[in-house]
Every structure is written in C-alpha cells, then in structure tokens.
Amino acid sequence: MDIQSVFPSNQKTTKFYILLLGALFFFSAINAQSLSGNVTDSASHQTITGARIYIPQLKSGGTTDSKGNYKITSIPGGTYEIEVEMLGYATLTKQVTIKGNATLNFYLAVSSFSSEEVLITALGNVTNTQRSPVPVTLVSHDMLIHESSTNVIDAIASQPGVSQITEGPGISKPEINGLGYNRVLTLFDGEKQEDFQWGDEHGILIDPNAVYDAEIIRGPGSLQYGANAIAGVVSFKSEPFPDDGTVQGSVLTEYQTNNGLIGTSEDIAGNNHGFVWDLRASYEEAHCYSDPKDGYVWGTAYNQDNIRGLIGLNEKWGYSRISVSILHREIEVPDGNRDSATGKFAFDFPQNGQLLPNRANFLSYYPNIAGYQVLDHDEVWWQNSINAGRGKIGLDIGYTQSHRQEIDTGTVAEYNILVHDIPYSFKYQIAGDSSGLKFTGGMNGMYEFGENAPEPPAPYIRYSEIPNYNDFDIGGYAILEKDYKNLTLSGGLRYDIRNIMGQAMYLLNYGTPQQQMVAAGTPGAYTQYSGFSDIYTGLSGSIGASYQLPGNNYVKLNFAKSYRAPSIQELNSNALNAGANAYIIGNTNLKPEQGYETDIAYGYNGKDVGFELDGFYNYISNFIFDDRTGEIIQDFPVFQFKANNAIIEGITAYFNIHPADTKWIEIDNGFTYIYSFMPGQTDSTDHVPLTPAPRLNTEVKFKFNNRANSILRGTYFEIGQDKYWAQNNIYSELNTEIPSEAYTLYNAGIGTNFVNPKTGRVVCSFFINCTNLTNLAYVDHLSHNGYFLAYNAVPAVVTQQSQGIYNMGRNVGFKLIFPIGGHKVSDGEVKGLGGY
C-alpha cells in the first residue's frame, strides 16, 4: 500500500488540523449548564472546605470554598456519575441528571480510608468498584507520584494480579492474571496503544509523567474494547481539567541514583467556561543500571522525550476534544555478551580498538555504541460526545504512526518498520437515574497496516521480522447494567471480525550485503514470506452480578466468554529477533483463542479494615505461545508459534488496615498466586510459559499530623516488603524456562508538602523513595535478561539463574514538584494544591 496515497503530506496534514480546530471551536457560543451546592459533614453538619467534586466522563469538576460551596459550570446536559472526595472522609458517589442549572448538596461521612467507593470508567458503563462484577484495581495519583519507577508499567506492577515482562529498566510489558502481550489491551485516555504490542523487546510507548492515575480490569474486558482484551485492560488517564476560570500546572524534576535517571516534565492547563486545553513536555535519560553481581549492565541506557497537547470544548450539546502526542525513545537492548576469559560484559564488535566497555561507556546517556532501538510514536485522537435525547452518542477516531528501527552498530537500521493505525469507535450510552438502568452499545475497531523499509546500503543487511501486512478489525457490542438497592446485574455480547493479509516477500542474494527484494518467480530467490489472507470471527460475552451484604460486606460473581485472533507475528514471522535473542517463526495454521473464565470475589469495607479476595478460573482453547524447537539459525535458538489448550487459575487479594481512631498509620497488603496447566502434555511442557511467581506486597505508612502554621503538610514515612516465592512450575523443555529462586525486597519512602503558612498554598512537594533497600542480587521470573548469555557474541543456553543478567540493585529516587497556579481563592479560603 502506498502511504502517500492514504495520508496527505505534512504540509497538508497541518492545514487539515488547523481547519479542523477552527471548525470545532468557531461556532461555540452557547454556554452549557452548571451544577452547584455545598458539602457538609454528615455527623457535625459543618461545611467542608477543599472537597473535590468530580465528573469522570468529563474529566472536570470543582472544589468547595471556605463556606463549603462549589459550582461546576460548562456541563453538557445528561446523566452523570458524580464523585465527591475529601481526605479524612469516605468517598461518595451519586448519579445526577443535569437539566439546566442544577443544585445538589452532598453529606460526607468521616473515614480514614477514602477509596471505598470510587468510580471507574474502563468497563463501558460508569460504575463504582464495589458494584463492578469484574475485579478492578485502581492505581491512584498518590500511589504513582510517591513511587520511583523507570517506566509506566513498572509503576503499576505491584498491584494484585498485575505483573510485568521486562527486558531492562526501560522495557516492560503488562501481564494480568498470568497473561500478557496481545491479550492485555493498554489504553491512554481511551485510545488503544498499538505500538508493536506483539513484540518482546520494547515497552509501552507512554510518557509516565503524563499518567495521572490508572484503572486495571483483571479478567476479560473484550466487550467494549475488542479481541485483544482477553486477559484484561490497563486504562491510563491523564490529569483532570482545572476548575473553571483557572490556569494551573506543575514542574516536576526527578533523579534516581542507580542508573542516573534524570527526568523533567512541565505541564500547563486551563479551563475557560468549558474551553479546556493542556500542554505537557517531558524528557528523561538514564545510563546503564547496576546490580551487586554484574556491576554496571551493558546495554541498558535509554532516553525519551514527549510533547503532548490537548484542546477541547464542553458545551450544551456535549463535548469535543483533540489530543496530539509526539514521543521519541532511544533505548539500548542488552544481549548479555561477555568476554570468555574474564566474564565481563563485552562489545559484539570492537569499538575504536576497545573490546570491553569502560566506565565512561557505562555512564554514557547516549545509547549509540551498543545495539539500540529508535522508536517514534506519533498520535492524534479526536473524541466527541453528543447529547441525543436521554443518551449520548460517542464518536472517536484517531491516527497513530509507530516507527521502529533496530541498529546494531553505527546509525544505519537493519530492522526498520513503519506501522500505521486508525482506531475508530461509535457508541450510544444511556443511564436512567431513577431506573438504575445503564446501556452502552456500538461498534469499534481499527485499520492497521505496516511496511518494512527498503534495503539499507552495504555492508548492512536488512532483516524483516514480519512481512508487510494489512489488518482490519471491526466489532459490535451491547452492554447492559441494572442497579437495584443492593444488587447490580451486568452483561453483554460482542461479535468481532478480523481480516488480516500478509504480503509475499522474495529475496535475491539472501543474507548478504547484496540482498534485494525481487518479484515472484525470480530464479534463485529465497521465499522470506509467502502471502496469506485470513478472516477470523469470534463471539464474546459476559454475565455477572454484585450484591451489597449487610455490614459493609459484598460479593461478586462473573462468567465470561472471550476471544482473540492471532497477531501478525504469530501468523507469519520468519526472521531473527535480535532484541529477543531468538529466531522467530510464525504459523499460519493457528486458530483464534477462545477463553472461558469465572471470577468470584468476597469483600468488606469497614471503617478500620478493608479487604477483597478474588478467585478466577480461565480455560483457553488454542492458547498460542512460542515453543523452542531445538534448532539453531544464525547462532540463535529457533522458536515457533504453536497452540495448546491451557488452564490458568489463581487467587488475588488485598487486606488494608486503616484504623479510624488511629489515623496516623495505614497498612496495605496485596497477594497474588497464579497456577497454569496445559492438559495432555509432558512434565516439561505442562505449564504456560511466563507464569509469574507467587508474591506478597506489604506497605506500612505513617502519617504525621498537620500542625497549625507549620510549613510541612501531608508528611509521611513508609516502609515496604515485596516477597516473591520460587517459581518451579515452568515450561522447562530445552531450557525454554528455568526455575526462579525466592527473594524478598525491602523498600522505604518519605514525602511532604512545603506550604506557605499564611496562605495555605503548596510551594513544592518533595519525595524520596528507595527500592531494593538491601541491594539484593536477584532475578525476577519474568525478566528476559535472565536468559541473555553469550561469549564473544555466540549465544549460550542458560540453565540456571546465575548465568543471566540480574535485576537492578538499590535505587534511591528523588522527586521535586512545583505547582503552578491553581484554584481561585476567596477571602479566608484555604488555598489548594494547584493541580497535580
């Protein structure tokens, strides 16, 4: 396919978006409705200052003043879920219908644990965590900002049921309930992140500083999003819009000691009677990380920059938003190559007479000596919600261009592919505030096409991990939810169609600097890829219920049928994947995966204790995985995709202690145990590869009281422990997997806000977080680096953990945040934090 015939030139594209923005905002002359009222303490009846009233569907809200009053303007008409939260009070949710200027008062109950009943949007219909039949994990903004991580997936990977497949500190992919890759759908503000999801050796291309919070669906989330959510959904969200009439933002700086990470992010946003805008710029860089066994690990440096902007409008008819993001990442990919005499990390090829990296190489922030990748991810996303009678019509369309280059030495890419995505969505939603009925129905999908770049100049040789291809996905769905007083029923159906076509590729002088692509039938040509075209169809469905028992207890039960069609890599790869240290071969005979999952949960939310215990059983027919064949091609082991039936089951739980009468302490615990089994296989092949090890995460937080006229507010100190048990249930044939050892990591952190005591305004916030406090040498079971071992550039089979690369050692992160602007303040009002 000729890209230029589908997409205009850069100049034409710029003019198109200028005209589009002009058309969007030129005719906006009618002000939308408003919601106002006051917030008071339900026991003392005293007004509450600084309470936040938030509407998730609009990403906007307001804050109460010194008299407990609030007003949110520029609200499109319709029915919304409203969330009211304040530190020291239980979060309150309520469904409200806005017709004209509405008035609504809220009464909050005292509680030391605020997140008992938080709204979620990732399931299609807006609901709260307690009433959702499907297990959902929330990662709050405070959780993200208090921690130190090297990428956005690591920041959420300690949550129950969530893990990450890693290849160095800059490369992580999410795994939910033991399933990863194309089975986990990642979203950012509702847009699919289709940035080479099928590959091992690259992470999710999202700026971690642009993420405000996250929702994680643990279980099939295919109904609204499509076939790639068979394991679940990770939905990242950007920061809410400022209150009406304000401009606010923040400047963040960060430093981490282990890999010298230096990061900065500046954000500024505004809201003027429904006209909203946001602009963020971020940059971070890191040199090679170190661990107690390997010292500095060669090939783990990276840098990344991102510019993201949004412009939108809330009006009486609904809202419209356009967001643009340009992300560039350069990242080294470790291969574990060592000198056979000394065991030290070595160059694949001598560099200026050097055989081994020196200290200056290890501490360099520029990944241009080792093998590295250049990744560009540019996207435009246009989201619209239009009022239609009692409901709303959603119309979304986007465009993403992902460019991936792999460079072994120098600046010329031997692997060079460009992938284009056009995601689209149409849906109709209706929610009745009196009937408790919610409906979402529509269709969505994506058109994707990818093409390999031409042959590079000699002596470089192009390798194409996948062929040029086209992929068109479309699916229709309907989701219905009914809320009674204590009972919530939810269910839905979806039908998907995928039409995927791979183009044939014939190469003359294959594997030499004279390699070139030729037409079919050319004498002596090597068939790199045979052309194919397949259509896959599948049905998804779910039905579930949650029931609110007396005494703050609740139960959940959900049955789901899920479906996933094979990806282009699984169907038709045939090349060396240098980043994964493997030669990968596809299989065009693969059939779609069909999953059948049962989830059951019991929970309790009391004033002193909260817990939830979730159990799941998932049977997947035609489960697709890459199996080691025992062959060697180009000195690398060969893996070919195949399918077996698989059973994945497990238990996830959290247990949080937050005494109402002892507000200075909070203890949070999370537990994950997952067991996998493939029936009818041998002892060495009867477990699903990359099943995470059991783990227990514990965190104890001490919160200091805010003293009058003190310059410190919100001060805390926390200590934590992450205990991982050994994982011996592995796919061990041909050393595809090796057992992992048990280990325990200790972490600690401290943070505070520096406040102007006269005004109450935060001047800056400061956080210190230390991971792997004891500097333990360990290898995580899902770390690909644990399998990287080569001597003098010849890969060797890893048979025990001590042979591979260890995870990062002790790391201390420092984070400093300066808020800009903030809430308009009336006389006597306590000024707010500003907007982060």
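Identify all lysines with a Cα-Cα distance to residue 701 below 23 Å; exclude those on the same chain that are fewer than 8 residues away in sequence.
Correct list for residue 701: 607, 663, 723, 815.
Compute the label zone of residue 791 within the stretch 337-351: residues whose backbone N is under 12 Å from the point 7 Å along Cα-to-Cβ.
Backbone N within reach: 338-344.
Show the residues, 5+ positions off or on another chain, whose built amide H is closer than 5 Å to the amide H of residue 118.
129, 130
Return a whole-number percent for the relative contact order of the stretch 651-722, with Cα pairs under 8 Å and 6 or more residues apart as the contact set.
Computed over the stretch 651-722, the figure is 27 percent.
Give the residue from 151, 141, 230 lying farthest towards the positive end of the charge dipole for the stretch 129-233; charges sit on Cβ (+1 for Lys and Arg, -1 for Asp and Glu) and the dipole is referred to the Cα centre.
The Cα lying farthest towards the positive end belongs to 230.
Report, ordered by chain and residue number, the lysines lying within cross-link reach of residue 316, taken as a straight Cα distance under 25 Å and ignoring same-chain residues fewer than 8 apart.
Straight-distance partners of residue 316: 59, 71, 94, 99, 237, 392, 427, 438, 824.
Based on Cβ point charges of +1 for Lys and Arg and -1 for Asp and Glu, what charge dipole magnitude is obtained for the stretch 370-452 about its Cα centre, in debye rounded to the nearest 20?
The dipole magnitude comes to about 800 debye.
How far is helix 10-26 tilted off the main Cα axis of the chain, in degrees rounded to 10, range 0 to 90?
So the helix axis and the longest Cα principal axis differ by about 10 degrees.
Which whole-number value in Å² is the accessible area per residue of the stretch 690-793, probe 1.4 Å?
Ligands and nucleic acids excluded, the figure is 45 Å² per residue.
Provide the FRET efficiency to the nearest 0.05 for the residue 742-residue 547 pair, computing r from the beta carbons and using R0 = 35 Å.
Calculated transfer efficiency: 0.35.
What dipole magnitude, in Debye to the nearest 20, does the stretch 336-415 give about its Cα centre under +1 on Lys/Arg Cβ and -1 on Asp/Glu Cβ?
With only Lys, Arg, Asp and Glu charged at Cβ, the dipole is about 360 debye.
When a/c reaches 1.5 or more, the comparison of a/b and b/c decides; with that in mind, is the chain rounded, prolate or oblate per its Cα gyration tensor?
Prolate, because a/c is 1.5 or more and a/b exceeds b/c.
Which listed residue (652, 688, 676) has the Cα farthest towards the positive end of the charge dipole for the stretch 649-805, taking +1 on Lys and Arg C-beta and -1 on Asp and Glu C-beta about the Cα centre?
Checked the options; the winner is 652.
Once the Cα gyration tensor of the stretch 666-815 is found, what semi-axes does its equivalent ellipsoid get, as square roots of 5 times the eigenvalues, in whole Å, sorted largest first?
43, 19, 11
When a/c is below 1.5 the answer is rounded, else prolate if a/b is larger than b/c, else oblate, so apply that to the stretch 214-291 with a ≥ b ≥ c taken from the square roots of the Cα gyration tensor eigenvalues.
Judged from the Cα gyration tensor, the stretch 214-291 comes out oblate (a/c at least 1.5, b/c at or above a/b).
How much of the accessible area of the stretch 166-241, in percent, comes from carbon and sulfur atoms when a 1.4 Å probe is used?
With neighbouring chains kept in place, the figure for the stretch 166-241 is 45 percent.
Can you run phi through the Karplus equation (6.51, -1.76, 1.60; θ = phi - 60°) for the stretch 321-333 and list ³J(HN,Hα) in whole Hz, with x for Gly and Pro?
3J(HN,Hα) across the stretch 321-333, in whole Hz: 9, 10, 10, 10, 9, 10, 10, 10, 10, 10, 9, 6, 10.
Counting other Cβ atoms within 10 Å, keep those with at most 16, restrict to DSSP loop, and tell me which trypsin sites (Lys or Arg not before Pro) in the stretch 567-665 are left.
Of the trypsin sites (Lys or Arg not before Pro), the ones in loops of the stretch 567-665 whose Cβ has at most 16 other Cβ atoms within 10 Å are 663.
So how strong a dipole does the chain carry about its Cα centre when Lys and Arg Cβ are +1 and Asp and Glu Cβ are -1, to the nearest 20 debye?
Around 2420 debye, computed over the chain.
Rounded if a/c is under 1.5, else prolate if a/b beats b/c, else oblate: with a ≥ b ≥ c from the C-alpha gyration tensor eigenvalues square-rooted, which is the stretch 32-163?
It comes out prolate by the Cα gyration axes.
What does the accessible area per residue of the stretch 371-420 come to in Å², with a 1.4 Å probe and no ligands, DNA or RNA counted?
Result: 33 Å² per residue.
Name the residues whose placed amide hydrogens come within less than 5 Å of the amide hydrogen of residue 37, ignoring near sequence neighbours (fewer than 5 apart) on the same chain.
Amide H neighbours of residue 37: 70, 104.
Hey, if you put +1 on the Cβ of every Lys and Arg and -1 on every Asp and Glu Cβ in the chain, which of 40, 720, 791 ends up farthest toward the positive end of that dipole?
Of the options given, the answer is 40.
Short version: ³J(HN,Hα) in whole Hz for each residue of the stretch 211-218, in order, from phi by Karplus 6.51 cos²θ - 1.76 cosθ + 1.60 (θ = phi - 60°), x for Gly and Pro, what are they?
8, 8, 7, 8, 10, 10, 7, 9
The values are calculated or read from the model by the stated rules, or taken from the named source; none is laboratory data. Nothing here was measured: the structure is a model prediction, and the numbers come from that model. A quick note on method: Cβ atoms are made from the backbone with ideal geometry, for glycine too, and the neighbour counts reach across all protein chains shown. Just the protein is used for accessible areas: all its heavy atoms, side chains included, with ligands, DNA and RNA removed. Shrake-Rupley method; radii C 1.70, N 1.55, O 1.52, S 1.80 Å.
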